[in-house]
Amino acid sequence: MKLLMGTIAAAAVMLTTQAYAAGKVDMAAGQALAQKSGCMACHKPAGKLVGPGFKEVAAKYKGDKKAEDMLIDKVTKGGKGVWGTIPMPPNAAVKPADMKTLVEWILAH
Ligand code: HEC
């Protein structure tokens, strides 16, 4: 019984630590992932390149709770018409978990 309680306590600590980590965006890891995923060929931290700067994207969707899911879907499938006439091609090779990290990183700019 003592052992079981100890195991439950340890699991609870692990869960809390994970939730805490998930709430914070690691800016350096996001940058590395964006470079690895090819996003930086068309995007800059701020200012238009081929696509909009990430600061501008973050400002546009500030306070919009639905933005994260919408952007994960849009960046994966590609799309156009929000920032101009140039379309973004699909980025379907990026893993869903990585795409979530990327979008959270962009919105944290
Ligand atoms: C070939 C160029 C290109 C690449 C590569 C690219 N993008 Fe884009 N991105 C664009 C363009 C162009 C737009 C503007 C689309 C529009 O006007 O709707 C855009 C828009 C966006 C937006 C805003 C979408 C909206 O509806 O407001 C996000 C977020 C984004 N890109 C993230 C990414 C991420 C993350 C990656 C890497 C996985 C990436 N982009 C790779 C060209 C690119």
(request) Work out the length of the dipole vector of the range 27-107 about its Cα centre, built from +1 on the beta-carbon of each Lys and Arg and -1 on the beta-carbon of each Asp and Glu, and round it to the nearest 20 debye. (result) 140
(message) Quick check on the range 27-107: take the gyration tensor over C-alpha atoms, sort the square-rooted eigenvalues as a ≥ b ≥ c, and tell me if it's rounded (a/c under 1.5), prolate or oblate.
(response) rounded
(message) In the range 22-56, whose amide N lies under 12 Å from the spot 7 Å out along Cα-to-Cβ of LYS62? List them in ranges.
(response) 55-56
(message) Give me, ordered by chain and number, the residues 5 or more places off GLY79 or on other chains with an amide H under 5 Å from its own placed amide H.
(response) MET88
(request) Mark the label point 7 Å from the Cα of LYS44 along Cα→Cβ and return the residues of the range 86-109 whose backbone N is within less than 16 Å of it. (result) none
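Read-outs throughout are calculated quantities, based only on the coordinates presented, and are distinct from any laboratory measurement. Since the model is a prediction, treat every value here as computed from it, not as a measurement. Methodologically, a virtual Cβ is constructed for each residue, glycine included, from the backbone with ideal geometry; neighbour enumeration extends over all protein chains shown.
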